[in-house]
Amino acid sequence: MNTDATGTAADARPWGTVLRTPEERFARLPGFAYPPCYRDDLAGYEGLRMHYVDAGPADAAVTFLCLHGEPTWSYLYRKMIPVFTAAGHRVVAPDLFGFGRSDKPADDAIYTYEFHRNALLAFVRQMGLRNVCLVCQDWGGILGLTLPQDLPGVFARLLVMNTTLPLGQSASSGFDAWKAFVAANPDLAVGRLMKRSTAGLGDDEAGAYDAPFPDATYKAGVRRFPELVMVEPGMQGIEISQRAVRFWSEQWAGQSFMAVGAQDPVLGLPVMAALRQQIRGCPEPMIIEEGGHFVQEWGAEIASAALQAFGLSADAC
């Protein structure tokens, strides 16, 4: 895809104008020295480039597929990736279109539930991933929890954090407030939000969350995600989410591990308790009392506990 000096593709049909964040924005990412990997051959998304991290042995028996949500990117997993790779496993962490180093269509209307979900399905298929542990939170779960039903034999484990499967009603009053906040702030200050939401997050780390978005034109995906959550009957994705509930409650036979940031006002303990009831065989959750919505910021502790629970820690391998 041809881009001008600002990283803008002026004619990238059928996606309209597509923005590509300049690489220099990612020159200093504390705790995240992974070389960027890209795919521009996803079926149905030709002409769009998706970024992903691919760390650990390419021939590892187990792959941890880490899916981020709103308004973050694969940088959110910087504290979990080293734990997984130190135990000999592979980690693949893509950036959804509109986020991170991935391409960003400038038209808000491009971003739909099916646009994102189908891109993830294409990514997993074309990467040829097998024996996967799905690691998900926020929109990474809203989308990711629907993938196994259409990718039989791919997923063997689940590590789920602060997320939900929306079925046509609001998850919480906290979500309603969040949706209104984003609507009122179309140029959402992502780094400031992350710092306010995560105690101890440094200025440089907050800056890494700002890096994908030079200005408001790059934030179409950020603006759209709250509008796409299926909080009203008839919204796109409800039927798929219903199928996912049936899959997890009736068909899932893999290992599960749940971690919950207790301070999350949007998708906290009550929401996660309901989700646990939908996941067949899901054990009692690991509760991070001081953790908020972005509980991956406490990720080293979570990743270590999950590996122990799965029997995949370095000592067990």
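How about the range 181-195: which of its residues are over 11 Å from R223 (Cα atoms), of a type outside the set (K, R) and over 18 Å from the mean Cα position of the chain (by Cα)?
Residue satisfying the conditions is A189 alone.
Of all residues in the range 147-185, how many are open to solvent by 70 Å² or more (accessible area, probe 1.4 Å), over 20 Å from A244 (Cα atoms) and not aliphatic (A, V, I, L, M)?
The number of residues fulfilling the criteria is 3.
Cβ contacts < 8 Å: first residue open to solvent by 20 Å² or more (accessible area, probe 1.4 Å), restricted to the range 35-62; second residue at pLDDT below 95, any location; separation 6+ or different chain. Result?
Between residues of the range 35-62 that are open to solvent by 20 Å² or more (accessible area, probe 1.4 Å) and residues that are at pLDDT below 95, the close pairs are D40/M1; D40/E46; D40/G47; G47/M1; G47/A12; G47/R13; G47/W15; R49/M1.
Failed condition for W248, given (1) in contact with an Asp or Glu (Cβ under 9 Å, 6 or more places away or on another chain); (2) at negative phi, with all others met?
(1)
The values are calculated or read from the model by the stated rules, or taken from the named source; none is laboratory data. Predicted model, so just to flag it, every value in this text is computed and none were measured. Note that each Cβ is placed from the backbone with ideal geometry, even for glycine, and that neighbours are counted across all protein chains shown. Remember, those area values only see protein heavy atoms, side chains included, never the ligands or the DNA or RNA. Shrake-Rupley method; radii C 1.70, N 1.55, O 1.52, S 1.80 Å.
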